[in-house]
Structure formats: C-alpha cells, structure tokens
1. Looking for something farther than 23 Å from residue A:168 by Cβ, touching a helix residue (DSSP H, G or I) at 6+ places or on another chain (Cβ under 6 Å) and away from chain B (no Cβ under 14 Å) - is there at least one such residue anywhere in the range A:65-80?
2. Checking the conditions here, which among B:214, B:164 is without any contact (Cβ under 8 Å) to a residue 12 or more places away in the chain, under 28 Å from residue B:29 (Cβ atoms), part of a helix (DSSP H, G or I) and away from every other protein chain (no Cβ under 14 Å)?
3. Here is a list of conditions, (1) in contact with a helix residue (DSSP H, G or I) (Cβ under 7 Å, 6 or more places away or on another chain); (2) part of a helix (DSSP H, G or I); (3) modelled with pLDDT under 85, and residue B:247 meets all of them except one; can you say which number that is?
4. Does residue B:204 satisfy the criteria of being within 14 Å of chain A (Cβ to nearest Cβ) and surrounded by fewer than 17 Cβ atoms within 10 Å (Cβ to Cβ)?
5. Between A:151, A:107, which is within 14 Å of chain B (Cβ to nearest Cβ) and under 18 Å from residue A:182 (Cβ atoms)?
6. Name, by its number, the condition in (1) closer than 24 Å to residue B:201 by Cα; (2) within 14 Å of chain B (Cβ to nearest Cβ); (3) touching a residue at least 40 places away in the same chain (Cβ under 8 Å) that does not hold for residue A:99.
7. If I filter the range A:19-50 down to residues being in a helix (DSSP H, G or I) and touching a strand residue (DSSP E or B) at 6+ places or on another chain (Cβ under 8 Å), which single residue comes out as farthest from the other protein chains (Cβ to nearest Cβ)?
8. Within the range B:75-91, identify whether any single residue is exposed (fewer than 14 other Cβ atoms within 10 Å of the Cβ), farther than 30 Å from residue B:147 by Cβ and either touching a residue at least 40 places away in the same chain (Cβ under 8 Å) or touching a helix residue (DSSP H, G or I) at 6+ places or on another chain (Cβ under 7 Å) (or both), and answer yes or no.
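The values are calculated or read from the model by the stated rules, or taken from the named source; none is laboratory data. None of the values given here were measured: they were computed from a predicted structure. We place every Cβ from the backbone using ideal geometry, glycine too, and count neighbours over all the protein chains shown.
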C-alpha cells in the first residue's frame, strides 16, 4: 500500500479561551482517495483543514502532509507545502478587481511562472471547469456557482496532487452543488486526492466515498453519541 | 490609488525629518570648514622678555625651530612691529607719532606644521614654548579657537542626537503607512499565501515601496535644502556679501548627499521590514 499523503496522530487543538476544537484526532488519507470529512457546523472540520494547510498549529500531536512534519517547530516552508495542495473554501477568496482568467493565472504568477504561460495555463484550466466563455469577465459578473468553479480552477492550476475543499458547496444551491461535485469527481478519477468537508449528509449519501465523521472535535466513525447524556454510548449500553 | 495619500504623507514627513537633519549637517559642515580655515591661519606669537640680548635671538630661533610641531619661526623686532602697525593704521598712522619702537616687545611669529593647527595640538607646542625662560608671554588666540571648536562640537552632537530621534520617527512612520498599504491589500496577500507564494515574493513589493519612500523623502530634503541655501545664503544684501566672500558658505558635498539619500533608503527599508514582521506573517 502507498504511503499516506496525510497522517494525523493524536492531534489536539484547544484555543486560549479553553474551547477544545479537536480532541485526539488520528487519521490517514492515502493517495487517490476521495474522503468526506463530515460533521455539523462547529464540529472542528475547518480547524482540521486549517491545521493541514498550516494556517494554525495544533496544541499537541503530530501531522505529516506529503511526508513533511508540518507540526515540527522547525518547519518553516509553508509555501512549499501549499504548492503541493489546492485549497478551496466556502467563501471563494477571489480578487474582485480582476478578471476570471487573471484570478486563476495569479496563482501561477506569484509562484514564479511567466505571465504569458500563466494566462495560457489558466485558460486551459478554465475550460476544464466549463468557464472558457467567461475568461475575460469580471468576477463580479459571475454567479456563486461560477465563482466557486473559478476558485477550483485556481486551486488546480498548479496541478497539485492534493485538494483540501472546506465546505466548497456551502454557499451553493442544489444545481450548482452538483455541477461542482462533477468537477471534483472528474478530478478524483484522474488520481487527485481530495479531502472534502461538508455538513450535508444528503450530499455524502449520493457518493460512495470514504467518510470520516467528526463530532465535538473527535472522530466518531462507528461510534454512537447519546445526545441526552452528552457522551458516547458504550458497547452493551 | 487609495494608498497615494498615505504614501505622499509618509514621503513628506521623511522629507521634513531629513531636511532638519540635513540642515544641521550643512551648518556643521560649514562651521567645520570655517574652523579649518581659521585653524590654517593659526600662528603662535611668543613675546620675548624686554632686554633679551640680541646675540641670544639667533640661538633662540634655532631652538624654537627644533620644537615638535614648529614649521617656520620669524623674528619680529620692535621696529618691524612698529612698521606693521603703521601699515595697518594706513592714513591714521600719525596716531603713532611720539611712540618709540622700543615700547613694543620683540617677538617670534611661529607657524605650525599642518597637523598641529588645531586646538588640541597647539597646546602641546605652547607647553613646550612656555618652558623657554626667554619668553614672557605666549599668545595664540586660544579662547576664540577653543570656544569655536566647542560650538562645532555641540552642533555635531545635536546633529546626531536629533538624527537619532528622527531616525526612530522615520522608521515608525514608514512602518505604519506600510501597514495601511498591507491592510488594503489583505485579500491579495491572503490569496498569495494560499497558493504558495514565497514570503520573499510577498514582501519584496513592500520593501521596494519603503526604499522608494526613503529615496524620494531624502531627495526632496536635499532639493529643499538646496533652495534654502540658495535663497538664504546666496541672495543676500550687498553689504553682507562682501563679508561673506571671506567666509565661504558651501553646499553639502556630493558624498554627503549620497549618504543622506542612502540613509533615507535604509530607513525606508527598515520601516517596511518592521511592518512586514508585524503584519505579513505567513498564515
């Protein structure tokens, strides 16, 4: 079996106000997997993602991404890690004063690609997400679904082997959600590893991908929660 | 465009601060130059005791010439002194009628070697001269030279203390304006960090901005100082002009101008580094 692309070992995250966001998370994601990180709003999905792309440090535990010990105190090359992953979020994070093509090409330009090459690669990627006709349009002229497709194109233009998508369909209606899911499915079929956070169980049920259930900052796969007692239902109870 | 106003304010404040510093530098430069001119003219006059036998004069000249720091020794007899006074009085030399040259003491005019023409070294020569018993009094205008060199020293000290304070102010102002610029480009920076732009790539434009602000501020300061120098020192009324021909009022030499411009750039760069350290953390 391949080496895991993501490894988390006993990861805890407690904020200074003593709120525990993650508690003893241990998981592995293997190359080429499509994995849903499922759980209600506020369960710790976003914190988990932020730790994976080094926007936050865990309180304790070890995290390896692409074999890099990102929780090691000496780890400084965050930008090198991020060049090997594409990040997609619920709020798109697009530059409103630029065109569709410029937004996608930006990701290449700032990582040292010549502008001409960046524009041409951006066009290629935009046609893969079905936006070849909107290249020269302003971001503000696009629908929410189209904006999310631009964000996906930007995340993919560097051809990263790993995509971290944190609630990418959170702001989209059902039709647009399916359009976006088609893009992710196509990517997965081409071998890209995808970690997809969502709170919508309906969406998860449509696909037969691996699901990691997060609840109260913990992995709950195969475990049951007694909502009245506020704790896990033990075997035999 | 939104950052034009804070940038102009920063350049303006850097220019004012650098202008204050440059003005002090110019003043100190001119006063040092003046001190140098005066020091070059410094000579020591050693008055001989009355009644010193004339046969002792020649050996005394030789003895004085051998002292460290002495370049030329010229004997001024009472008759030479009288002739000098008559020449100085010009048309009013009749005032000296009835005065015998003998009332004027004979003296040695001692010119010093170049490296001894300053207030510290001159004292070493004077100490040696005072040890010669045939000399009654030694004069070298010490009070004037000492007072003036103290004045130059105080001015230089003020220049550097003020320079230090202005330096802190410039770094503070540049760093704060650049923080505003960085805040206005927050979204763009965040996207850059997301897609893996290197920290250097993100910071370089802000460092460049700081360098340019410092260069423009320094350049403006030099320009205004030049106008001030021309306006105040060169367009002066004719009576003062005659006086000023004896005291040249110079502008800063090219080397100092380059140092001021480089100083402005370094301060601007330092300000942008402080801003980057504060708000451009990779997250």
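1. no
2. Result of the check over B:214, B:164: B:164.
3. If we test residue B:247 against (1) in contact with a helix residue (DSSP H, G or I) (Cβ under 7 Å, 6 or more places away or on another chain); (2) part of a helix (DSSP H, G or I); (3) modelled with pLDDT under 85, just (2) comes out false.
4. When the stated conditions are applied, residue B:204 passes them.
5. A:151
6. All conditions pass for residue A:99, except number (2).
7. Residues of the range A:19-50 in a helix (DSSP H, G or I): A:45-50.
Those still in the list that are touching a strand residue (DSSP E or B) at 6+ places or on another chain (Cβ under 8 Å) too: A:45-49.
Values: A:45: 18, A:46: 14, A:47: 14, A:48: 16, A:49: 12 Å.
My answer is A:45.
8. Within the range B:75-91, one or more residues are exposed (fewer than 14 other Cβ atoms within 10 Å of the Cβ), farther than 30 Å from residue B:147 by Cβ and either touching a residue at least 40 places away in the same chain (Cβ under 8 Å) or touching a helix residue (DSSP H, G or I) at 6+ places or on another chain (Cβ under 7 Å) (or both).
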